[in-house]
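The values are calculated or read from the model by the stated rules, or taken from the named source; none is laboratory data. Remember, predicted model here, so these are calculated numbers, not experimental data. All Cβ positions, glycine included, derive from the backbone under ideal geometry; neighbour counts span all protein chains shown. Please note that ligands, DNA and RNA were not included when accessible areas were found on the heavy atoms of the full protein model with its side chains. Shrake-Rupley method; radii C 1.70, N 1.55, O 1.52, S 1.80 Å.
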Amino acid sequence: MEEQELTQEIKPPANTKGLGRWLKDNLFNTWYNTLLTCLALVFLFFALKGFLTWAFTEAEWDVIPANFRLFMVGSYPQEQIWRVWNAIYILSVLMGLSAGLWGGLVLRFAVALSGVWFISALLPVELSTRGWCLGAIAMIAVSFFLGRGRTSLRPWILGGWILSFPVIMVVLRGFGENGVLTSNWGGLLLTLILAVVGIVVSFPLGVFLALCRQSNLPAIRWVSTTYIETVRGVPLITILFMGNVLIPIFMPGLDINQVLRMMIGITFFSGAYMAENVRGGLQGIPRGQHEAAQAVGLNYVQTTLFIVLPQALRSVIPAIVGQFIALFKDTSLVSIIGLIDLLGVAKSVIANPDWLGLQAEVYLFAAVIYFVFCYAMSYASQDIETDLGVGKH
Amino acid sequence: MAAQENALNDPIIMCEDLHKWFDDFHVLKGITTSFQKGERAVICGPSGSGKSTFIRTLNRLEEHQRGTIIVDGVELTDDLRNINLIRQEVGMVFQQFNLFPHLTNLQNITLGPIRVRKLTKSEAEEVALSLLERVDIADQAYKYPAEISGGQQQRVAIARALAMEPKIMLFDEPTSALDPEMITEVLDVMRELAHSGMTMLVVTHEMGFAREVADRILFFDEGMIVEEAPPADFFDNPQHERTKLFISQTLQH
Ligand SMILES: Nc1ncnc2c1ncn2[C@@H]1O[C@H](COP(=O)(O)OP(=O)(O)OP(=O)(O)O)[C@@H](O)[C@H]1O
Ligand SMILES: [Mg+2]
C-alpha cells in the first residue's frame, strides 16, 4: 500500500493567486508598505487628476490633426505622397509574408500594424488616405495567407528584406527633378529612415570593429581601438556638425547630400558603441569554446560564425537593443543642423503664429510617438531573449 | 595487446626534443617519445608537470617552440594547412567538456562533420545518432548540454570528437570534473573505445583504468618524461624515486 502511494505522481502546487492575494502580498504586506501604497495612491490621484483635467478640458488637440501630414512626412509634396505609400506597401508585403512564415513576434507586430491602419481609416481623413490605409491592411493579410507554411521561402524573404532597403530609398527619392529631393524628406518618415539606416548599418560595423579589436594582429587591433575610442570621446552632436561641414571639404567633387551625411555620422557614432557592447559579449566566451571549436577542425571564420558570435550576441541583446533605442532618440539631433525630423516638425509647428502656446500638446504627441517605437524595440528584445532561451542554455 | 604488437614499428605520433615556454617559464623540457598506431598510452604525473600542455601541443592548441612533432606523417609547423589536416585526424576530449551551449547535443556532434568534412545534414545526423547510440545516450539528442548530467555531457563530447573519424583521441583528465558516480559511465565508454583499436593518449589520475587499459604509462614531472613502462612494471616495479613517491601517494587514496 505505502509503496504505491510513494510512486504516485505528485503535482506541483498551483501558483496562481487571486488578485486580492497578489495585492496583499505585494502592496500591503507590512504596515510601512501599506503606508507607502496609500501615499503613492494619493499622489497618483492628484497628478492624474491635474493631467486629465488639462487633457480633456484645456488642451487644444486641434493642432495635431491640422499638422498631421507635417508630423508624418514633413514637407514631402502631397502629389508625390504615393511614393511613401508604395514604400509602406513593400514593407507590408514583406511583413505579411514573414508573419505567415515565422508567426510569433512578427505576426504580433503585423496584427498591431493592421490595427493602426484600421484606426487611421476610421478617423476623419481624406478619402484617398482611407483607401491607402485599407490597402495596407489588405496587403498584410493577403501576403500573410500566401506565406503561411511555405518554409522553403524563408531565405528569399530574408533576401527581400535586405533588398527592400535600397529599393525603398529609390522609391522615396525618385529620379532627378521629377522625384522628391531628400531636403523635402521630413517628420516621422525622416526619423525612421535615419534610425533604420543607423541600426542596420551600425550593427555589422560594430561586430566587425569588435572582432578587429580582439584580433591577434596588432595593426588591426590598434586601428580599431583608435577608431572606437576617438568616436566615443566626441559627442554625437559634434560628429553631426563635423559631418555636415567636413565631408564636403574632404570630398569636394562628390555631392553628398545632407541626409546622407547625417546617416554616415549617426552610423559611425553608433558603430563605436555597438563595438563595445559586442566586445563585452566576446569577452564572456570561455577559452574552452574556442579550443573545442579548433579541436573539431573549424577555422577562424567558422569558429567566429558558428560558435563565438551566436553566444556573444545572445548575451548582449539587452545592451544592443538599448543602443538601438538610444540611436532612435538621438536622430532628433539632426534638427539642429536644419533637417526637419519629427522633433524638427514639432519645433516648427510651435513656432507657427497660428499655433502659439501649444508646446505641451505638440511635445506630448511627439513623445508618445517616440515611446511607441522604443517600446516596440524593447518588447521585441524581451521576446527574442525568451525565444533563444538566454540564460537557460 | 595484439593491436600493439602488429603495429610495433608504425608510430603515428613522433615527438623529438620538444620544448615549450610560457614566457620565461620552461614547461616542456625536451620530450622525446613516439606512439604506435592503436596504442593506448596513459600520461600521469603531479599537478603542473606539463601533462596538459604536452597533449595540447599535439593538435596545436599550444605552440611548441623547439623540436619536431610529426602526426601521421605530417609535421606540425606554422603552416595552417598542416594544422588543419592534423586537427581532423586528432580528436580531443577536455576536462570541462567544452560543449557548445547554444547548440543541441545532436548539433554539437554534427557541426564538425557538416562544416569541415562537408557531409550533408542528414548524413551527419545519421552518423551522430549512431554515435550517441554507441555512448548510450541516444535519447538525449535533442536536449541542450545544460539539460543533461556531467557524465552525459562528457559522453556527448566524446561522440563529438569521434564524429570527425579521428585516428587519434586525446583525453585531458576526462573524469576529473565528474561526480564519482558518473566516472564509471565515462570510463566504460573509453574502455569500449580502447578495445575497438583507437589510438588513445589519456591524461588521468584513474590508476585502475590505467592498469587495466594502458599499453604504456608515461610519468611526467617538471616538464620531462621521468619514466615510461607497461602498467605492470610501472606499478609493481617503479625505477625512479619520484615515480615511487607518486605511486605511493596516489594509491593511498
Ligand atoms: N597559458 C598558460 N600561461 C602560462 N602558464 C601556463 C599556461 N598554461 C599552463 N601554464 C603553466 O604551465 C605548467 C604546466 O601546466 P599544465 O596544465 O600542463 O600542467 P598539468 O600537468 O596538466 O597539471 P594538472 O594536473 O594540474 O592539470 C603549470 O605550472 C601552469 O601554471
Ligand atoms: Mg592538466
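Brief remarks on what is shown
- Residue in region B:86-103 that is farthest from the other protein chains (Cβ to nearest Cβ), counting only those that are within 16 Å of ligand 2 (Cβ to nearest atom) and open to solvent by 30 Å² or more (accessible area, probe 1.4 Å): B:Gln95
- Among the residues making up region B:26-76, those that are within 16 Å of ligand 2 (Cβ to nearest atom), aliphatic (A, V, I, L, M) and within 14 Å of chain A (Cβ to nearest Cβ) are B:Ile55, B:Leu58, B:Leu61.
- Conditions (1) more than 27 Å from B:Glu123 (Cα to Cα); (2) surrounded by fewer than 22 Cβ atoms within 10 Å (Cβ to Cβ); (3) touching a Ser or Thr at 6+ places or on another chain (Cβ under 9 Å); number of the one not met by B:Pro174: (2)
For every residue, the table says whether it meets (1) within 21 Å of A:Thr182 (Cα to Cα); (2) of a type in the set (A, V, I, L, M).
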site: A:Thr226; (1), (2): no, no
site: A:Gly233; (1), (2): no, no
site: A:Leu236; (1), (2): no, yes
site: A:Gly253; (1), (2): yes, no
site: A:Gln258; (1), (2): yes, no
site: A:Ile264; (1), (2): yes, yes
site: A:Thr267; (1), (2): yes, no
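- Residue within region A:352-360 that is modelled with pLDDT of 90 or more, in a helix (DSSP H, G or I) and crowded, with 17+ Cβ neighbours inside 10 Å present: no
- Residue match in region B:12-25 (condition: aliphatic (A, V, I, L, M), free of Cβ contacts under 8 Å to residues at least 60 places away in the same chain, away from every other protein chain (no Cβ under 14 Å) and more than 16 Å from ligand 2 (Cβ to nearest atom)): yes
- For region B:155-253, the strands (runs of 3 or more DSSP E) that sit wholly inside it and include 3 or more residues that are away from chain A (no Cβ under 14 Å) and either away from ligand 1 (no atom under 16 Å from the Cβ) or not polar (S, T, N, Q) (or both) are B:199-203, B:216-221, B:224-229.
- Any hit, region A:248-256, residues being away from chain B (no Cβ under 14 Å), β-branched (Val, Ile, Thr) and open to solvent by 40 Å² or more (accessible area, probe 1.4 Å): yes
- Region B:104-121 residues that are within 11 Å of chain A (Cβ to nearest Cβ), paired with ones that are of a type in the set (Val, Ile, Thr) and open to solvent by 50 Å² or more (accessible area, probe 1.4 Å) (beta carbon under 9 Å, 6 or more apart): B:Ile114/B:Thr120
- Flag if B:Met200 is in contact (Cβ under 8 Å) with a residue 60 or more places away in the chain, more than 16 Å from ligand 2 (Cβ to nearest atom) and within 16 Å of the chain's Cα centre (by Cα): yes
- Flag if B:Leu80 is open to solvent by 20 Å² or more (accessible area, probe 1.4 Å), without any contact (Cβ under 8 Å) to a residue 12 or more places away in the chain and facing another protein chain (nearest Cβ under 9 Å): yes
- Just one of the numbered conditions (1) over 22 Å from the mean Cα position of the chain (by Cα); (2) surrounded by 13 or more Cβ atoms within 10 Å (Cβ to Cβ) is not true of A:Gly176: (2).
- Helices (runs of 4 or more DSSP H) enclosed by region A:266-342 - at least 3 residues per element that are within 20 Å of the chain's Cα centre (by Cα) and more than 10 Å from every other protein chain (Cβ to nearest Cβ): A:317-330
- In this entry, A:Leu260 is excluded by the filter for residues that are outside any helix (DSSP H, G or I), away from chain B (no Cβ under 14 Å) and touching a residue at least 60 places away in the same chain (Cβ under 8 Å).
- In region B:223-239, the residue that is modelled with the highest pLDDT out of those that are in contact with a helix residue (DSSP H, G or I) (Cβ under 9 Å, 6 or more places away or on another chain) and open to solvent by 70 Å² or more (accessible area, probe 1.4 Å) is B:Glu228.
- Index of the failed condition, A:Thr386 passing every other in (1) surrounded by fewer than 17 Cβ atoms within 10 Å (Cβ to Cβ); (2) in contact (Cβ under 8 Å) with a residue 12 or more places away in the chain: (2)
- The number of residues in region B:40-64 being away from ligand 1 (no atom under 13 Å from the Cβ) and modelled with pLDDT under 95 comes to 2.
- Exactly one residue among A:Val349, A:Val308, A:Val301 is open to solvent by less than 50 Å² (accessible area, probe 1.4 Å) and closer than 21 Å to A:Leu205 by Cα, and that residue is A:Val308.
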